[in-house]
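K.L.:
My questions will all concern the structure given below.
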Amino acid sequence: MIKKAMILGAGFGKRLNPLTLSCPKPLLSVGEETLLSNTINFLEQFEIKEIVINVHYLANQIIEYINKKNFNIKITIIEEKEKILDTGGGILNALRYFNESFICINPDTVWNFDYIKELKKMENDFFLKKRECYMLVVEKSKSFDKDLKGEFSLEDGLISRKKKENLKYLYTGLQIINPTIFSNIKEKVFSMNKIWDQLIDNKKLYALCSSIDFVHISTLDIYNKLYIK
C-alpha cells in the first residue's frame with residue numbers, strides 16, 4: 001500500500017497570466033475548491049497518510065493557505081527558495097521524505113473520485129509487476145483542451161516516443177515512482193522528462209490508459225471556458 005504522495009506546486013503558471021501574476025496556479029478556484037485542495041482531497045480519499053508539496057513561486061501564499069485550511073492529513077512543505085528546480089529536480093530534492101515508492105501528482109489536472117479506481121489498479125500493477133515508474137496517460141481525443149499535443153505512444157502498457165505519427169497519448173499528471181530511478185542523477189535542476197527518457201531507452205516506462213475525460217488547466221482560455229461564466 002502506498003502511504004505517501006508528492007504534489008508538484010512550484011511552477012509559475014505563466015500561460016494563465018494575468019491570473020497567476022498575483023495568485024499561484026495551485027490556488028486558482030475550480031468551483032468550490034482550489035486546484036490544490038481538490039488534489040489534496042483526492043489523495044485523502046485514496047487514503048494517503050502524508051503529503052509533501054514543493055513550492056517556489058508565490059510560496060508564502062501556498063504556505064499560508066495550507067496552514068489556514070488545516071487539512072486532515074499530514075502535509076510537509078518544501079520551499080525551493082533560491083531557484084526553481086523543475087519537475088525532476090523538485091522530486092529529487094524531496095526524496096529524503098520518501099524511503100519507499102510514492103505517488104507524484106500535478107495539481108493542475110481536475111481530479112475527481114472516478115480516478116480512484118484507476119489509481120488502485122496502478123498501485124496493484126506497480127507492485128505485482130515490479131515497476132519502477134508507472135504513469136497514468138489518456139488519449140488526447142479525451143482531453144477538454146484540444147490543442148494539447150500528444151507526448152507518447154503506448155503499446156502493451158509500454159511507453160515510447162519513437163513513432164512520431166502515433167504520439168496520441170497525454171500524461172495526466174499522475175505517476176507512481178520508486179525512488180531508485182533517481183540514483184544515477186547528478187544534476188539538481190532537470191525535467192522529469194530526463195528520467196522518463198532514460199526509462200524509455202531501457203523499456204521500463206509503463207503506463208495505464210485512463211478512460212476518464214481529461215480536464216487539465218493548461219491555459220487562460222481553457223480556464224475561462226471551464227470556470228468563468
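Values in this text are rule-based calculations from the coordinates and carry no lab data. What you see is a predicted model, and the numbers here were worked out from it, not measured in a lab. As a convention, Cβ positions derive from the backbone with ideal geometry for all residues, glycine included, and neighbour counts pool all protein chains shown.
K.L.:
If neighbour count is taken as other Cβ atoms inside 10 Å, put 109, 172, 180 in order from fewest to most. Spell out each step's value before the answer.
P.N.:
Numbers: 109 23, 172 26, 180 11.
With the fewest neighbours first, 109, 172, 180 line up as 180, 109, 172.
K.L.:
Compute from the Cα atoms of the stretch 86-186 the Rg and the Dmax, the latter being the longest Cα-Cα distance, and quote both in angstrom.
P.N.:
14.4, 40
K.L.:
In the chain, what % of DSSP beta bridges are antiparallel (nearest 5)? Intermediate values should be presented prior to the final figure.
P.N.:
Values: 19 of 39 bridges.
Roughly 50 percent of the beta bridges in the chain run antiparallel, per DSSP.
K.L.:
Another question, then. Just how large is the dipole of the stretch 1-107 about the Cα centre, in debye to the nearest 20, putting +1 at every Lys and Arg Cβ and -1 at every Asp and Glu Cβ?
P.N.:
Details: 12 positive and 11 negative charges, 26 e Å.
It works out to roughly 120 debye.
K.L.:
Comparing 18, 107, 179, which has the greatest mean-square fluctuation in the GNM of the chain with Cα pairs linked when under 10 Å apart?
P.N.:
Sorting by GNM fluctuation, first place goes to 18.
K.L.:
Enumerate the residues in the stretch 100-144 having an amide nitrogen under 19 Å from the point lying 7 Å beyond the Cα of residue 50 toward its Cβ.
P.N.:
Only 100-105 fall inside the zone, counting backbone N under 19 Å.
K.L.:
Check residue 77: other-chain or 5+ apart residues with amide H under 5 Å from its amide H, H built from backbone geometry?
P.N.:
Amide H neighbours of residue 77, under 5 Å, 5+ apart: 53.
K.L.:
For the stretch 4-227, what does the convex hull of the Cα positions come to per residue, in cubic angstrom?
P.N.:
Each residue corresponds to 123 Å³ of Cα convex hull volume.
K.L.:
Can you tell which of 33, 47, 187 shows the greatest fluctuation in a Gaussian network model of the chain with Cα springs below 10 Å?
P.N.:
Maximum fluctuation in the GNM of the chain, among the listed residues, is at 187.
K.L.:
With springs connecting C-alpha atoms under 10 Å apart, model the chain as a Gaussian network and identify which of 151, 44, 82 has the largest mean-square fluctuation.
P.N.:
82
K.L.:
Also: Once the piece of chain linking residue 29 and residue 93 is laid out straight, how much longer is it, given 0.36 nm per residue of separation minus the C-alpha distance between them? Walk me through the numbers on the way to the answer.
P.N.:
Values: separation 64, 0.36 × 64 = 23.04 nm, distance 2.81 nm.
Using 0.36 nm per residue and subtracting the Cα-Cα distance, I get 20.2 nm.
K.L.:
Then there is this: Given the pairs 68/140; 120/225; 117/188; 49/121; 142/186, which are separated by over 27 angstrom at their Cα positions? Can you show the working numbers first?
P.N.:
Details: 68/140 37 Å; 120/225 31 Å; 117/188 34 Å; 49/121 19 Å; 142/186 37 Å.
The pairs that break the limit, which is 27 Å between Cα atoms, are 68/140; 120/225; 117/188; 142/186.
K.L.:
Can you tell me, using C-alpha contacts under 8 Å and at least 6 residues apart, the relative contact order of the chain as a whole percent? Spell out each step's value before the answer.
P.N.:
Working: 402 pairs, mean separation 57.8, N = 229.
The normalised contact order for the chain reaches 25 percent.
K.L.:
Right, another one. Only four residue types carry charge here, +1 at the Cβ of Lys and Arg and -1 at the Cβ of Asp and Glu. Report the dipole size of the stretch 4-227 about the Cα centre in Debye, rounded to the nearest 20. Provide the component values of the computation, followed by the final result.
P.N.:
Numbers: 32 positive and 29 negative charges, 96 e Å.
Using Cβ point charges on Lys, Arg, Asp and Glu, the stretch 4-227 gives about 460 debye.
K.L.:
Here is a further query. Starting at the first residue of the stretch 13-23, write each ³J(HN,Hα) from the Karplus equation 6.51 cos²θ - 1.76 cosθ + 1.60 with θ = phi - 60°, in whole Hz, x for Gly and Pro.
P.N.:
Per residue, the Karplus-derived 3J(HN,Hα) values read x, 4, 6, 10, 4, x, 4, 8, 5, 10, 9 Hz.
K.L.:
How many nm separate the modelled label positions at residue 161 and residue 187, each set 7 Å beyond the Cα in the direction of the Cβ?
P.N.:
Output for this residue pair reads 1.1 nm.
K.L.:
For 156, 145, what ranking results if the residue with the fewest other Cβ atoms within 10 Å of its Cβ goes first? Numbers along the way, then the final one.
P.N.:
Numbers: 156 5, 145 17.
Neighbour counts put them in this order, fewest first: 156, 145.
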